[in-house]
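Accompanying notes for the structure given below.
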Amino acid sequence: SRGALQDATFAQLALTIRKEGIEFVPVNDGSFQFPSPEFYRKVEGGDIAIAGLAIEVGPSLAKAYQAILSILALPFAPHGSSGILDRQVAQICQRFRSMEDSPQKRSLLHLLHPQTPMT
């Protein structure tokens, strides 16, 4: 998770998720450090440069990050007991199943694999 919010690929994905209204399932391994309000202000103002992105996307990127991080992430403890892992994976899978036939799922698959026909 460290540095994810300053990674160009993640930033592009965040912008696309927000623009296209794509549903996703965030998972928190417990090590993610949520950004401060100051971080959002710096992204919005273009004070934090992300390789490959124009400074003008700062306001949109700040909003995209805020939207993504406002969704309740499901816990995942990779070093937990097998019982804990089983429960956590079941919760994650349940959230995926609830999204199974959504148009957003098909849109994301098409964005990642454009050669795949949309049904």
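The values are calculated or read from the model by the stated rules, or taken from the named source; none is laboratory data. No experiment lies behind these values; they were computed from the predicted model shown. We place every Cβ from the backbone using ideal geometry, glycine too, and count neighbours over all the protein chains shown.
It is to be established whether one or more residues within the range 71-89 are surrounded by 15 or more Cβ atoms within 10 Å (Cβ to Cβ), in contact with a helix residue (DSSP H, G or I) (Cβ under 9 Å, 6 or more places away or on another chain), hydrophobic (A, V, I, L, M, F, W, C) and at pLDDT 90 or above.
Checked against the condition, which is being surrounded by 15 or more Cβ atoms within 10 Å (Cβ to Cβ), in contact with a helix residue (DSSP H, G or I) (Cβ under 9 Å, 6 or more places away or on another chain), hydrophobic (A, V, I, L, M, F, W, C) and at pLDDT 90 or above, the range 71-89 yields no hits at all.
Inside the range 74-89, can you point out the residues that are without any contact (Cβ under 8 Å) to a residue 40 or more places away in the chain and either assigned to a loop (DSSP other than H, G, I, E, B) or under 20 Å from the mean Cα position of the chain (by Cα) (or both)?
Taking the range 74-89 as the starting set, the residues that turn out to be without any contact (Cβ under 8 Å) to a residue 40 or more places away in the chain are 79-89.
Listed by number, the residues that qualify are His79, Gly80, Ser81, Gln88, Val89.
Could you tell me how many of the residues in the range 24-41 are out of contact with any Ser or Thr (no Cβ under 6 Å at 6 or more places or on another chain), assigned to a loop (DSSP other than H, G, I, E, B) and surrounded by 15 or more Cβ atoms within 10 Å (Cβ to Cβ)?
Final tally of qualifying residues: 3.
What residue, among those in the range 1-23 that are exposed (fewer than 15 other Cβ atoms within 10 Å of the Cβ) and of a type in the set (Lys, Arg), is farthest from Arg95 (Cα to Cα)?
Looking at the filtered set, the residue picked out is Arg2.
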